[in-house]
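Student: I'd like to ask you about the structure that follows.
The values are calculated or read from the model by the stated rules, or taken from the named source; none is laboratory data. Just so it is clear, the model here is predicted, and its values are computed rather than measured. With ideal geometry, Cβ positions are generated from the backbone for all residues, glycine too; neighbour counts draw on all protein chains shown. We work out accessible area using only protein heavy atoms, side chains counted, and drop any ligands, DNA or RNA first. Shrake-Rupley method; radii C 1.70, N 1.55, O 1.52, S 1.80 Å.
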Amino acid sequence: MDLNKIKTDYNEKINKAKNSAKLELIRIELLGRNGLINKLFTEIKTAPNPKEYGQQLNSLKNELENIIKEKSNNTINVDSKIENCKLKIVNSFGLPKVGHLHPITITERQLNEVFRKLGFSIYNSPEIVTNEYNFLRLNVPQNHPAMDMQDTIYIKQPQCLLRTQTSTIESYLLQQQSKNLPIRAAFPGCVYRNEKVNRSNHFVFHQYQAVVVDKGVTMKDLIGTMDLMFKTLYGPSVVVRYRCKYYPEVEPGVGPDMQCFNCKGKGCVLCKYAGWIEMGGSGMIHPKVLQMAGIDPKIYSGFAFGMGLDRWTMAENYITDIRTLMGGNLAYKPNEL
Ligand SMILES: [Zn+2]
């Protein structure tokens, strides 16, 4: 075999190698255990002048080793380049090394903890429900605007829709537990409305609902439970006010507002200069709702309250765009407006 040709060919190949990985492949092909040089050494015995051939081969081997070594010192190390890239990407985005719980999950778990301590059971339920349980059993009249397709997301299955409120769980629960009273239940969940998505509205949002049905339950129990909940979450100095409100499933209905924890009622960006943050709706369960579930309203009474978690969580975490909550990159910075 022409050793000079091998030297010329491999010299060219080595010079063309653009990175350490390609150079290593050439080295293995040439100087590896099953490489070309070792193969040539096995041919010494059959060479016309074995001694001279052996010397030439040794010289070729040394020359090629030196060329590869020299080239290696001037070649980009692929592995270290990748490593540098990785470090660069991580640093340039400033992402945290570990994930964190979604702020809505944190709020839900805080509330679950409060209600567990108060002896409530925590429930979950399907998000696709029927018209009957979402509206009719909650005393929403047949022609109520909420039942319009403009407000509710219906699915192709007849009479089925994506629940518009967590009160839907209440309708199922009252019916199922009507012979197994008292009821003391709480349930977090997603609800859906046919809303156009912008920085203040989303078609999916989160609510938290609590229901109590027993003998002799009064408005005092409702206010007491809500007060305790706010104090557990925000400390004993929290200020809450209750305003009369109308909801079809309760009578009377009240809406709790919490004094803005950021401005203490003076008005700021978070509370939209109202000084108060609306926390949701509540009231004494309407006798018709109890009746429809098979519970006698002359013997039993109850209260229910539902809270929207999104605005509350946004305010707590200084998030000003609701789409941030539903996005894939929630690397928000609490306490920075
Ligand atoms: Zn405020």
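Student: What distance in nm lies between label points placed 7 Å from Cα along the C-beta direction at GLN176 and ARG323?
Tutor: Taking the simple label geometry, GLN176 and ARG323 are separated by 3.7 nm.
Student: I want the local charge near LYS245. Using Cβ-Cβ distances under 15 Å, sum +1 for each Lys or Arg and -1 for each Asp or Glu among the other residues.
Tutor: -2
Student: Pick out which of LYS231, LYS39, LYS215 has the largest mean-square fluctuation in a Gaussian network model of the chain, springs linking Cα atoms closer than 10 Å.
Tutor: Looking only at LYS231, LYS39, LYS215, the biggest GNM fluctuation is shown by LYS39.
Student: Given a 1.4 Å probe and every protein chain left where it sits, what share in percent of the accessible area of the chain is carbon and sulfur? List each step's numbers first, then the result.
Tutor: Numbers: 10180 of 19580 Å².
With neighbouring chains kept in place, the figure for the chain is 52 percent.
Student: Continuing with the same structure: Could you let me know the centre-to-centre spacing of the range 26-75 and the range 238-277, using Cα atoms, in angstrom?
Tutor: 86
Student: For the range 186-244, what relative contact order do you get, as a whole percent, if you take Cα pairs closer than 8 Å and at least 6 residues apart?
Tutor: 24
Student: So what is the calculated 222 nm ellipticity per residue for the chain, using -39500 (n - 2.57) for each DSSP H run with n of 4 or more, over all residues, to the nearest 500 deg cm²/dmol?
Tutor: -12500 deg cm²/dmol
Student: What does the charge dipole of the chain about its Cα centre add up to, to the nearest 20 debye, if the Cβ of each Lys and Arg holds +1 and the Cβ of each Asp and Glu holds -1?
Tutor: Details: 43 positive and 32 negative charges, 130 e Å.
Using Cβ point charges on Lys, Arg, Asp and Glu, the chain gives about 620 debye.
Student: Provide the per-residue ³J(HN,Hα) series for the range 245-257, in order, calculated from phi with Karplus coefficients 6.51, -1.76, 1.60 and θ = phi - 60°, each as a whole number of Hz, with x at glycine and proline positions.
Tutor: Ordered by residue, 3J(HN,Hα) equals 9, 9, 9, x, 7, 10, 7, x, x, 9, x, x, 10 Hz.
Student: Keeping all protein chains in place, calculate the accessible area per residue for the chain (probe 1.4 angstrom), answer in Å².
Tutor: Dividing the accessible area of the chain by its residue count gives 58 Å².
Student: May I ask you to evaluate 6.51 cos²θ - 1.76 cosθ + 1.60, the Karplus curve with θ = phi - 60°, for each residue of the range 295-300 and list the ³J(HN,Hα) values in order in whole Hz, giving x for glycine and proline?
Tutor: 10, 7, x, 7, 9, 10
Student: While we're looking at this one, here's another question. Can you give me the distance in nm between label points at ILE153 and ALA21, each placed 7 Å from the Cα along the Cα-to-Cβ direction?
Tutor: Going by the 7 Å Cα→Cβ label model, 4.3 nm.
Student: Still on this structure: Please list the three semi-axes, largest first and in whole Å, of the ellipsoid equivalent to the range 184-274, using sqrt of 5 times the eigenvalues of its alpha carbon gyration tensor.
Tutor: After scaling each eigenvalue by five and taking roots: 24, 21, 13 Å.
Student: Oh, and also: Quick check: the angle from helix 103-117's long axis to the longest principal axis of the chain, C-alpha only, nearest 10 degrees?
Tutor: Here the helix axis deviates by roughly 50 degrees.
Student: Tell me the net charge near GLN55. Cut-off is 13 Å between Cβ atoms, GLN55 excluded, with +1 for each Lys or Arg and -1 for each Asp or Glu.
Tutor: Result for the local shell: 0.
Student: Output the 0 to 90 degree angle, nearest 10, between the alpha-carbon long axis of helix 167-176 and the longest principal axis computed from the alpha carbons of the chain.
Tutor: 70
Student: Can you compute 3J(HN,Hα) from phi for each residue in the range 120-127, using the Karplus curve 6.51 cos²θ - 1.76 cosθ + 1.60 with θ = phi - 60°, rounded to whole Hz and x for Gly and Pro?
Tutor: Coupling constants for the range 120-127: 8, 9, 9, 10, 10, 7, x, 8 Hz.
Student: Using Cα springs under 10 Å in a Gaussian network model of the chain, which residue among GLY253, GLY306, GLY216 shows the largest mean-square fluctuation?
Tutor: Maximum among the listed residues: GLY216.
Student: For LYS298, go through the lysines and keep the ones whose alpha-carbon is under 17 Å away, minus same-chain ones fewer than eight residues off.
Tutor: LYS179, LYS215, LYS288
Student: Based on the mean of other Cβ atoms within 10 Å per residue, sort peptides 151-159, 219-227 so the most packed one is first. Could the numbers behind the result be given before it?
Tutor: Working: 151-159: 11.7, 219-227: 16.3.
The densest-packed peptide leads the list: 219-227, 151-159.
Student: Next question, about the same structure. Can you flag which of LYS117/LYS266; LYS16/LYS45; LYS220/LYS272; LYS245/LYS272; LYS156/LYS245; LYS231/LYS266 are past 28 Å Cα-Cα?
Tutor: Over 28 Å Cα-Cα: LYS117/LYS266; LYS16/LYS45; LYS220/LYS272; LYS156/LYS245.
Student: I would also like to ask the following. If you look at just the Cα atoms of the chain, how large are its Rg and its Dmax in Å?
Tutor: Here Rg and the maximum Cα pair distance are 36.4, 118 Å.
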